[in-house]
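Q: After the structure tokens below, expect a handful of questions from me.
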């Protein structure tokens with residue numbers, strides 16, 4: 001059976017076009033699936049208190065005070081691994097985060113352990129935005145060194161005694177739970193900020209972060225507990241597949257030239 005050169009060239013070009021169309025459909029499907037997965041992950045993560053960065057670092061979010069002005073940390077106990085980040089997000093009006101010991105809830109840990117040079121203190125974080133607003137929240141971030149329980153409180157006024165205390169990796173049962181820590185705080189005779197000695201009164205809301213503070217204060221854009229998947233998988237899948245139509249067209253062109 002004999003086929004003319006023009007017929008063969010037309011057939012090859014048609015085959016390449018079909019390849020291009022099929023590959024485009026695969027790309028479209030791949031992007032749709034990636035988009036759907038991204039939306040699903042975002043929706044599933046909205047109720048979470050942690051997020052994962054592109055580098056795989058987990059950041060746990062703790063709200064300092066509630067949007068309604070309540071004196072509490074939300075949540076007041078976080079389970080975190082060594083290397084995880086804890087981001088404190090400050091709501092109105094003016095709060096702080098100070099590391100303490102379990103036995104002395106409203107006293108800076110430096111006052112109890114003089115050799116503790118890596119203790120954290122956010123300084124006071126005044127927030128004048130309206131209540132129930134989550135925009136432009138001040139944040140303060142620390143890194144978790146290990147799985148040992150870490151205790152903290154707000155040194156503003158009597159906030160510590162009123163229950164504004166929290167923990168990282170506090171046990172769920174036993175003598176040293178976050179509930180027991182809260183009960184001890186309620187009995188504290190004073191509420192101190194780093195640099196204040198016992199008997200000097202409670203915090204006034206004017207102290208800056210201490211020189212030994214191991215965290216970093218920043219201006220955040222609002223509360224976020226969603227997990228953001230890396231977009232690289234979607235981009236890479238599309239770019240690899242997009243090469244295929246050009247390979248098909250190139251093959252057709254080479255075959256056509258060979259026949260001449």
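A short reminder: the numbers here are calculations on the coordinates, not readings from a lab. These figures come from a predicted structure and were not determined experimentally. Cβ: placed from backbone, ideal geometry, glycine included. Neighbour counts: every protein chain shown.
Q: Which number do you get for Rg(Cα) / (2.2 N^0.38 Å) in the stretch 135-184?
A: 1.31
Q: State, to one decimal in nm, how far the label point of residue 148 lies from the label point of residue 68, with both points 7 Å from Cα in the Cβ direction.
A: Label-label distance for residue 148 and residue 68, simple model: 3.8 nm.
Q: Run the numbers for residue 169 and residue 57: contour at 0.36 nm per residue of separation, minus the present Cα-Cα distance, in nm. Please report the intermediate quantities before stating the final value.
A: Numbers: separation 112, 0.36 × 112 = 40.32 nm, distance 1.76 nm.
Fully extending the segment from residue 169 to residue 57 adds 38.6 nm.
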